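Input: a single structure, listed below in structure tokens.
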Amino acid sequence: MKLFLALISMLILNLGSGVAMANEVKSNDIVITKEWDKVFPKSEKVTHEKISFKNRYGITLVGDLYIPKDINNEKLPAIAVSGPFGAVKEQSSGLYAQTMAERGFVTLAFDPSYTGESGGQPRNLASPEINTEDFSAAIDFLGLLPYVNRNQIGVIGICGFGGMALSATAMDTRVKAVATSVMYDMSRAMGHGVGDGKDRYDIDQRKAVLNYLNEKRWIDAKNGTFDTENHDLYVLENGDIYVEKLILPESLPENPNPVLKEFFDYYKTKIGYHKNSLNSTGAWNTTMPLSFMNFPLLTYISEISPRPILIIAGENAHSLYFSKDAYNAAAEPKELMIIPNANHVDLYFDLNKIPFDKLETFFKTNLK
């Protein structure tokens, strides 16, 4: 067994699509560390490797590969994991990946392009096309590993990368099953605003947001730099735009909005804070929402069929309507699992609420 795992490590080092990292290197001024720096404890049931691979746009993505320790010279099913939107692999996606590896899957949690330890310039950028491609690039990497069955690969998308995972699966027929957890459709969220169970912008407000973002383009073009702000914009009664500079404030106001408090209590405290996470420390490029506003991610969700979809959401999650609408738009086979007494952020980290037994059964049933 030790010899086999040693051979695995050697193969990872020599694969053209992935390289193991030194203890600490710099790439595009981003520090890449091999040391354990996750917000969750390291499991003794899996082997962990820091790896990198390129997407079709030539951007180097950095990920954490988790391999079950009890692998017995067999080809295993694999799962690529990413999300939430603005998070990094040291947070929720890593927890999901490590836990699923404990249950017998080779898993890869990766930082999307332009964020975390992954490459891409400018920084702090998201793209519906490139982030969908990131999932397919992760499939490329997993499918070339000698101990992975390339016909048994699935994906998990969390929060905003739930929509990206569904978009990737609709396009990439190599994905045999897809699960989402507290999904957001980021094209809808940015194009129509996140509301209380429904879209927030009317057509005039949407146009006001577009005007605001395009005026910001003039400023960026003049300065040759990219300003950063929260991607959630509010239109005031007089038509002006209100937006914060950071995704989350440095401290909570009195009587905070419950959803703001959920996110703050994860990203800004020891439960989930990580220095590489935009949600913990910063904000996206101000003009980033533009490409999402005209790029509906879930247009072809019905074409995922006959491959199965599992959509998981919290009973009390503000994002529940995204999951319900995606479920209704999808074709069979599909399943919507609503977790009692769970809000949105509970399913980022709460091992008592994340339905890992269900995820294990879903993938073991369908990755075959």
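Dipole size of the stretch 74-178 about its Cα centre, with +1 on Lys/Arg Cβ and -1 on Asp/Glu Cβ: approximately 240 debye, rounded to the nearest 20. For q = 0.09, 0.10, 0.12, 0.14 Å⁻¹, what log10 I(q)/I(0) does the chain give under the Debye formula with an equal point scatterer on each alpha carbon and no solvent? Ignoring solvent entirely, the Cα scatterers give -0.47, -0.58, -0.85, -1.18.
Estimated from the Cβ-Cβ distance and a Förster radius of 35 angstrom, the FRET efficiency linking Asp227 and Ile271 is about 0.70.
Multiplying the residue separation of Lys324 and Asn211 by 0.36 nm and removing their Cα-Cα distance gives an extension gain of 37.6 nm.
In a DSSP loop and with at most 16 other Cβ atoms within 10 Å, the GluC sites (Glu not before Pro) in the stretch 283-368 are Glu315. In this structure, the amide hydrogen of Ala109, modeled 1.01 Å from its nitrogen in the peptide plane, lies closer than 5 angstrom to those of Asp64, Tyr66, Val81, counting only residues at least 5 positions away or on a different chain.
Computed over Cα pairs, the Kirkwood radius of the stretch 205-294 leads via Stokes-Einstein (0.692 mPa s, 37 °C) to a diffusion coefficient of 228 µm² per second. Identify the trypsin sites (Lys or Arg not before Pro) of the stretch 177-261 meeting these criteria: DSSP loop state and at most 13 other C-beta atoms within 10 Å of the C-beta. Answer in residue order: Lys198, Lys245.
At what distance in angstrom do the alpha carbon centres of the stretch 235-273 and the stretch 148-172 lie from each other? Going from one Cα centre to the other spans 29 Å. Excluding same-chain neighbours fewer than eight residues apart, the lysines reachable from Lys54 by a Cα-Cα span under 24 Å are Lys26, Lys34, Lys38, Lys75, Lys89, Lys176, Lys275. The H on the amide N of Leu76, modeled in the peptide plane, is under 5 Å from the matching H of Val148, Asn149, each at least 5 residues off or on a different chain.
Extension gain for the segment Asp240 to Ser305, taken as residue separation times 0.36 nm less the Cα-Cα distance, is 19.1 nm to one decimal.
For the options Pro77, Pro249, Pro340, a Gaussian network treatment of the chain with springs between C-alpha atoms closer than 10 Å singles out Pro340 as fluctuating the most. Ordering Ala165, Phe362, Val345 by Cα displacement along the dipole of the chain toward the positive end leaves Phe362 in first place; charges were set at the Cβ atoms of Lys, Arg (+1) and Asp, Glu (-1). A Cβ-based charge dipole, computed about the Cα centre of the chain with Lys and Arg at +1 and Asp and Glu at -1, lands at about 1080 debye.
Rounded to 0.05, the FRET efficiency of the Leu252 and Asp199 pair, given R0 = 22 Å and the Cβ-Cβ distance, is 0.25. Between the stretch 327-368 and the stretch 58-72, what's the alpha-carbon centroid distance in Å? Each part reduced to its Cα centre gives a spacing of 23 Å.
Taking 25 Å as R0, compute the FRET efficiency from the Cβ-Cβ separation of Tyr57 and Glu335 and round it to 0.05.
Calculated value: 0.15.
Put a dot 7 Å past the Cα of Asn294, heading toward its Cβ, do the same for Lys368, and the two dots end up 4.7 nm apart.
How about the stretch 200-242: which GluC sites (Glu not before Pro) there lie in a loop by DSSP and see at most 15 other Cβ atoms within 10 Å?
Glu237
With the chain treated as a Gaussian network of Cα nodes joined by springs under 10 Å, which of Thr173, Thr107, Thr99 yields the largest mean-square fluctuation? Maximum fluctuation in the GNM of the chain, among the listed residues, is at Thr173. For the chain, the longest piece that avoids every one of the chymotrypsin sites (Phe, Trp or Tyr not before Pro) found in DSSP loops with at most 16 other C-beta atoms within 10 Å covers 58-272.
One decimal place: the segment Glu360-Thr173 gains 65.2 nm when fully extended, by the rule 0.36 nm per residue minus the C-alpha distance.
The numbers here are math on the coordinates, done by the rules we state, and not lab data. Please read these numbers as outputs of a predicted model, since none were measured by experiment. Cβ: placed from backbone, ideal geometry, glycine included. Neighbour counts: every protein chain shown.
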